[in-house]
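*Asks:* One structure is given below, represented as structure tokens, and several questions about it will come after.
The values are calculated or read from the model by the stated rules, or taken from the named source; none is laboratory data. Everything numeric in this text was worked out from a predicted model, so none of it was measured. Reconstructed Cβ throughout: ideal geometry from the backbone, glycine too, with neighbour counts over all protein chains shown.
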Amino acid sequence: MVKMTWFTLSGIVFAVSTTLVVASHTLSALSNGVSGILNALSVSTVLSDVRTKNRKLKGDIGTLKRKVSTLGVRNKAFIKKERKIAALVSKVTKKIKTRTVAVATANVASMPFEVAPFIGAAAVIASTTYEIKEACNTINDMRELDVAFNLEHDIEDNNVCGMEVPTKAKIMESVSEKWERGVEELKREFDLYKQKLL
């Protein structure tokens with residue numbers, strides 16, 4: 001009989017407990033009563049802390065969502081800028097490659113003319129002028145790349161773009177002076193050599 005009484009008592013406690021739980025969710029007066037009992041048991045402090053933390057977490061989630069949105073916009077802008085720079089690098093690289101081939105071809109093609117009497121000086125002047133012009137173009141292309149990557153920095157052209165090629169008359173004058181000096185130096189060396197032999 002004790003077993004049955006214990007079993008019956010457990011069933012009654014379970015039934016009352018279940019009824020109170022269901023009723024507390026459906027009846028506001030009962031809910032307030034249960035809440036009062038729970039307050040008396042210090043459950044309200046824990047519940048208040050949980051609610052406060054929950055509100056803070058909701059705020060944090062909102063902040064993080066805004067940050068993710070902002071980063072997404074920044075990432076799209078960065079990708080767009082990166083694509084523009086890649087296109088510019090490709091364009092400038094192609095121009096420099098084409099120019100380098102043209103300069104090398106012109107250099108080789110001008111060689112026979114540079115050694116020919118009378119027209120050699122003109123060929124040297126023409127090929128040098130062309131090389132300086134293309135070197136200036138290459139420096140300008142490199143500056144364009146540099147500005148794309150480093151907005152505050154500008155490469156110097158080392159005065160290549162303003163370099164002047166001497167005229168044929170100046171070259172001939174320089175060659176004549178050097179020739180005369182070379183002949184005089186050769187005579188001196190020959191005289192010294194002769195003296196050593198005697």
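*Asks:* Is it true that some residue in region 136-152 is part of a helix (DSSP H, G or I) and either basic (K, R) or more than 27 Å from the chain's Cα centre (by Cα) (or both)?
*Replies:* Yes - at least one qualifying residue is present in region 136-152.
*Asks:* I'd like to check something: does region 69-78 contain any residue that is touching a residue at least 40 places away in the same chain (Cβ under 8 Å), more than 21 Å from the chain's Cα centre (by Cα) and in a helix (DSSP H, G or I)?
*Replies:* No, because not a single residue in region 69-78 is touching a residue at least 40 places away in the same chain (Cβ under 8 Å), more than 21 Å from the chain's Cα centre (by Cα) and in a helix (DSSP H, G or I).
One line per residue, one yes/no per condition, for (1) small (G, A, S); (2) modelled with pLDDT of 80 or more; (3) surrounded by 10 or more Cβ atoms within 10 Å (Cβ to Cβ):
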residue: S127; (1), (2), (3): yes, yes, yes
residue: N140; (1), (2), (3): no, yes, yes
residue: V165; (1), (2), (3): no, no, yes
residue: I171; (1), (2), (3): no, no, yes
residue: K178; (1), (2), (3): no, no, yes
residue: L197; (1), (2), (3): no, no, no
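*Asks:* Additional query: From the list I85, I132, exactly one residue is part of a helix (DSSP H, G or I), under 26 Å from the mean Cα position of the chain (by Cα), surrounded by 10 or more Cβ atoms within 10 Å (Cβ to Cβ) and among the aliphatic types (A, V, I, L, M). Which is it?
*Replies:* I85
*Asks:* Of (1) closer than 25 Å to G162 by Cβ; (2) surrounded by fewer than 14 Cβ atoms within 10 Å (Cβ to Cβ), V92 satisfies all except one. Which?
*Replies:* Only one criterion in (1) closer than 25 Å to G162 by Cβ; (2) surrounded by fewer than 14 Cβ atoms within 10 Å (Cβ to Cβ) is unmet by V92, namely (2).
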